[in-house]
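The values are calculated or read from the model by the stated rules, or taken from the named source; none is laboratory data. Remember, it's a predicted structure, so these values are computed and weren't measured experimentally. For neighbour counting, all protein chains shown are included, and Cβ atoms are generated from backbone atoms with ideal geometry for every residue, glycine included. The accessibility values were calculated without ligands, DNA or RNA, using every heavy atom of the protein model including side chains. Shrake-Rupley method; radii C 1.70, N 1.55, O 1.52, S 1.80 Å.
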Amino acid sequence: MGSSEWHIEKRSISSNESPISRDQESLENTSENGSLSIVVLGASGDLAKKKTFPALFHLYRQGFLPSDEVRIFGYARTKISDDELRNRLHGYLIKDKDASPEQLDVVSKFLHLIKYVSGSYDSEDGFRLLDKEISEHESLKNSAEGSSRRLFYFALPPSVYPSVSKMIKTCCVNKSDLGGWTRIVVEKPFGKDLKSAEELSTQIGELFDEPQIYRIDHYLGKELVQNMLVLRFANRLFLPLWNRDNIANVQIVFREDFGTDGRGGYFDQYGLELNFKSAPRVLLSVLKSPLAISRCLLDLVLSDIVNLVFCLVAMEKPVSLKPEHIRDEKVKVLQSVLPIKDDEVVLGQYEGYRDDPTVPDNSNTPTFASVILRVHNERWEGVPFIIKAGKALGARKADIRVQFKDVPGDIFKCQKQGRNEFVIRLQPQEAMYMKLTVKQPGLEMSTVQSELDLSYIQRYQGVTIPEAYERLILDTIRGDQQHFVRRDELKASWEIFTPLLHRIDKGEFKSIPYEPGSRGPAEADELLEKAGYVQTHGYIWIPPTL
């Protein structure tokens with residue numbers, strides 16, 4: 001990273017270049033003069049150290065958190081000093097051996113914006129002390145009472161969300177509304193089934209209005225996920241093709257090439273998300289839920305895929321780019337999903353998983369899941385959406401694969417080579433490419449599969465793609481809820497999966513063994529074939545090099 005990338009240029013955190021945020025902010029009358037206090041609850045935990053504070057640092061480094069407006073507060077039960085917290089965070093922000101003096105100076109200035117407050121999560125004493133510290137910061141910045149902005153980030157287990165929300169409401173919200181605001185950011189999982197999710201939503205909803213609640217999921221901040229709306233609705237090419245007349249199936253895949261890495265005991269109790277490296281879930285260890293199998297589908301299939309990628313692929317064009325119009329369309333498509341069929345579910349467990357001494361010999365916990373969703377509406381009737389997630393597979397990737405139907409009257413006899421596909425690679429090596437059949441160079445009229453390729457590392461050289469958390473935190477400050485889960489959207493998602501999850505918990509589905517490094521259970525490929533997916537043979541996408 002060059003030193004030029006560390007230059008801090010002050011930017012207004014109450015304005016945004018995009019029309020989405022400008023529209024939202026005009027509705028909320030966001031103050032440009034009130035101070036901004038960001039409180040990281042659970043500041044001493046892994047999630048805060050590895051994700052939340054680094055995201056805040058990157059925003060500060062880029063000038064989105066000016067030091068003359070912002071103060072960052074850490075809050076946790078651990079009794080440590082300001083300097084002790086700063087020392088704990090330092091290594092997660094920069095590696096000293098690779099840093100220039102200028103970079104180290106930026107890190108030091110950021111760390112000195114952080115103030116630590118110790119207190120419990122269910123008593124008023126600590127939160128009243130926190131409010132006192134926030135009020136002193138606001139006074140120093142000459143913010144009129146009620147004009148300041150207060151953001152509370154829950155880097156906490158969901159079990160304490162209700163008590164923490166109550167303490168914030170009682171002790172720490174703005175005392176009046178003069179253009180300022182109070183917002184809370186809550187991490188998933190949002191419940192473990194429909195009933196628990198609704199109970200949690202009700203408990204928080206009794207304290208805060210829906211526009212104040214930001215349910216964060218890091219995949220919503222991925223660059224290629226955010227690109228879906230533009231791809232679908234800004235390109236005439238896709239408008240007439242994106243329907244049941246042209247698309248045979250849609251496959252959404254999340255694969256990891258590693259197993260449980262010696263943490264099988266945690267995994268067996270809490271499920272797949274605890275070891276999904278792209279989003280640490282160690283804080284979930286406090287959830288004493290025996291529903292181990294449900295956790296597999298909960299985090300990857302329900303939260304990460306259904307609420308995000310599936311909805312953006314399948315939704316109708318919104319009336320406008322206002323967040324509520326976009327989320328309205330996402331809810332509509334979720335409400336159109338048919339009940340999941342038993343014969344369209346495959347669960348698997350990789351061989352060797354039970355060798356971990358912390359895992360029960362008879363464990364049925366899945367490390368792989370493949371599910372078919374079917375949408376009952378005019379656009380998608382008959383088109384299967386194949387959702388697949390797993391560990392210890394042959395590759396690490398997350399992508400969306402839209403497969404088109406065969407060309408009618410194929411005069412080149414090339415259908416066996418494979419169908420046209422539009423592929424969006426979310427990770428690693430972000431890319432979009434269209435698989436096409438073309439003439440192979442030479443004197444013969446023979447065909448071969450190739451691609452039209454947009455690989456970000458090649459096309460956007462020198463452009464740093466922001467981390468998902470920094471994008472989403474900035475959206476929260478700006479009041480843009482487009483990429484956050486609304487309560488009715490969450491409920492609609494749980495209504496799809498809760499019946500299946502309860503049946504799995506009862507042992508009505510068994511995990512099929514599969515070999516590590518493979519594609520997963522053979523039954524999953526059979527399910528793909530049954531759904532109409534045509535495997536391409538002899539073609540491999542090779543990321544272009546600079």
Considering only helices (runs of 4 or more DSSP H) wholly within region 436-546, the ones with at least 3 residues that are open to solvent by less than 60 Å² (accessible area, probe 1.4 Å), in contact with an Asp or Glu (Cβ under 7 Å, 6 or more places away or on another chain) and of a type outside the set (K, R) are 487-505
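So that you can scan it fast, the table gives a plain yes or no per residue for (1) more than 29 Å from D125 (Cβ to Cβ); (2) part of a helix (DSSP H, G or I); (3) open to solvent by less than 40 Å² (accessible area, probe 1.4 Å):
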position: L156; (1), (2), (3): no, no, yes
position: K166; (1), (2), (3): no, yes, no
position: G191; (1), (2), (3): yes, no, yes
position: V230; (1), (2), (3): yes, yes, no
Taking region 53-99 and the residues there that are assigned to a helix (DSSP H, G or I) and hydroxyl-bearing (S, T, Y), the one that is farthest from P466 (Cα to Cα) would be Y92
Considering residues that are buried (at least 24 other Cβ atoms within 10 Å of the Cβ), of a type outside the set (S, T, Y) and either under 20 Å from the mean Cα position of the chain (by Cα) or assigned to a strand (DSSP E or B) (or both), the number found within region 350-372 is 3
Of the residues in region 520-541, those that are farther than 23 Å from I247 by Cβ and under 26 Å from the mean Cα position of the chain (by Cα) number 1
Test for K49: is it surrounded by 15 or more Cβ atoms within 10 Å (Cβ to Cβ), touching a Phe, Trp or Tyr at 6+ places or on another chain (Cβ under 6 Å) and part of a strand (DSSP E or B)
no
(request) Confirm whether P428 is at pLDDT 80 or above, surrounded by fewer than 20 Cβ atoms within 10 Å (Cβ to Cβ), under 23 Å from the mean Cα position of the chain (by Cα) and within 26 Å of L47 (Cβ to Cβ). (result) yes
The residue that is nearest to V346 (Cα to Cα), considering only those in region 373-391 that are open to solvent by 10 Å² or more (accessible area, probe 1.4 Å) and not in a strand (DSSP E or B), is G382
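Rundown of residues vs (1) among the aromatic types (F, W, Y); (2) under 24 Å from the mean Cα position of the chain (by Cα); (3) modelled with pLDDT of 95 or more, yes/no style:
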site: S67; (1), (2), (3): no, no, no
site: Y92; (1), (2), (3): yes, yes, no
site: P101; (1), (2), (3): no, no, no
site: G119; (1), (2), (3): no, no, no
site: L130; (1), (2), (3): no, no, yes
When restricted to I72, I80, I114, I38, the only residue among the aliphatic types (A, V, I, L, M) and at pLDDT below 95 is I80
Among the residues of region 193-220, the number that are outside any helix (DSSP H, G or I) and either in the same structural domain as G146 (by the TED database) or without any contact (Cβ under 8 Å) to a residue 24 or more places away in the chain (or both) is 2
- Query: Quick check, is V309 in a helix (DSSP H, G or I), closer than 28 Å to G520 by Cα and open to solvent by less than 60 Å² (accessible area, probe 1.4 Å)?
  - Reply: yes
